[in-house]
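J.: Before we start, here is the structure in question, set down as structure tokens.
The values are calculated or read from the model by the stated rules, or taken from the named source; none is laboratory data. Just so it is clear, the model here is predicted, and its values are computed rather than measured. Here the Cβ is made from the backbone with ideal geometry for all residues, glycine too, and neighbour counts use every protein chain on show. These area figures cover heavy atoms from the full protein model, side chains too; ligands, DNA and RNA do not enter into them. Shrake-Rupley method; radii C 1.70, N 1.55, O 1.52, S 1.80 Å.
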Amino acid sequence: MDIEDKILLLRGILGLIAGVFSVFAGSFIYALIAVIIAYIVSIPVVTFYFKIKKNWLVFGKGGLTLAIAWFLILVTVYNVFG
């Protein structure tokens, strides 16, 4: 698996975790903060774990994947438990 694929997978999993947390956060602001924190946490992980110096791979790659995973899990879990 390429490093780019691992970054996408990592940010997708972080989006999943943030989406589950956002359902139980109780406020839309806390839900947005959860996804922003997940993105911020992913930056040092990508930088140090994968030892990448390219800005696009560190900051851009997988950002949309994280947001889509967060939103889909948020809606799915909300509908299951709501």
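J.: State, to one decimal in nm², a quarter of the convex hull surface area for the C-alpha atoms of the chain, i.e. the direction-averaged projected area.
T.: Averaged projected hull area, Cα only: 5.2 nm².
J.: With a point put 7 Å past each Cα toward its Cβ, work out how far Ile33 is from Leu64 in nm, to one decimal.
T.: It is 2.9 nm.
J.: So, one more: Short version: ³J(HN,Hα) in whole Hz for each residue of the range 23-33, in order, from phi by Karplus 6.51 cos²θ - 1.76 cosθ + 1.60 (θ = phi - 60°), x for Gly and Pro, what are they?
T.: Each residue's phi maps through the Karplus curve to give 4, 9, 5, x, 8, 5, 5, 5, 5, 5, 4 Hz.
J.: Per residue, how much accessible area does the chain show when a 1.4 Å probe rolls over the protein heavy atoms, in square angstrom?
T.: Heavy-atom SASA per residue in the chain reads 67 Å².
J.: Of the heavy-atom accessible surface of the chain (probe 1.4 angstrom), what whole percent is carbon and sulfur?
T.: Answer for the chain: carbon and sulfur cover 75 percent of the accessible area.
J.: Give me the extension gain from Ile52 to Met1: residue separation times 0.36 nm, minus the current Cα-Cα distance, reported in nm with one decimal.
T.: 16.8 nm
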